[in-house]
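First up is the structure itself, then whatever we jot down about it.
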Amino acid sequence: MSEENQVSNETVVDSGTENVVQEVAQNEHIAESKKYRKRAQDAETQLAKLNKKLESQENNKLKEKEEFKTLAEKLEAENTSLNSYKEKYNGLVEKRKTVLLEKLPEDKREQFKNKDLDVLEFMVSELSSKTPNEPTARGTVKSPDKKIGDWTKMSSDEKRDNWGDIVKAAINKK
């Protein structure tokens, strides 16, 4: 009987250590992949820097050789390729502005129509946070004064229920 308990305990311990070993192996693989990803990102940034440096050197050589025509053609081609991105960006900015302007009250829309996107986002967040959910001034409701008759003839429950009115009546008599 005790041997069975020992055997079952050993199997539980073995499966626990297998899980730990697997987790350690997974953590090692994760750390290794992070290291490779960082190396790849560093290599990409270094490549981009070198490409920019090479391009600027080419431009300087063309300027030195006074081949402005080639340089102008090169810059014009770059400019035309970037124009499509500019149009997309302007379209996205205009869409975002219209969405934000719709969130503003109508009397404020004309005022903020020509503002930058970041100013518009800030103002929308400020104006939307200022609208309180509850009214700032709370009103109180007065209950009509009850005419209390002779309080000495009331039962103890009636006195307890009307005690505030009894005290007010006594104060008002003075």
Every residue from segment 96-110 that is within 10 Å of residue 120 (Cα to Cα) and assigned to a loop (DSSP other than H, G, I, E, B): 104
Residues within segment 111-134 that are part of a helix (DSSP H, G or I) and either in contact with an Asp or Glu (Cβ under 9 Å, 6 or more places away or on another chain) or not hydroxyl-bearing (Ser, Thr, Tyr) (or both), tallied: 13
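Taken together, the values in this text are just the output of simple stated rules run on the coordinates, not laboratory data. Every value quoted in this text rests on a predicted model; they were computed, and no experiment measured them. FYI the Cβ positions are ideal-geometry reconstructions off the backbone, even for glycines, and counts take in every protein chain you see.
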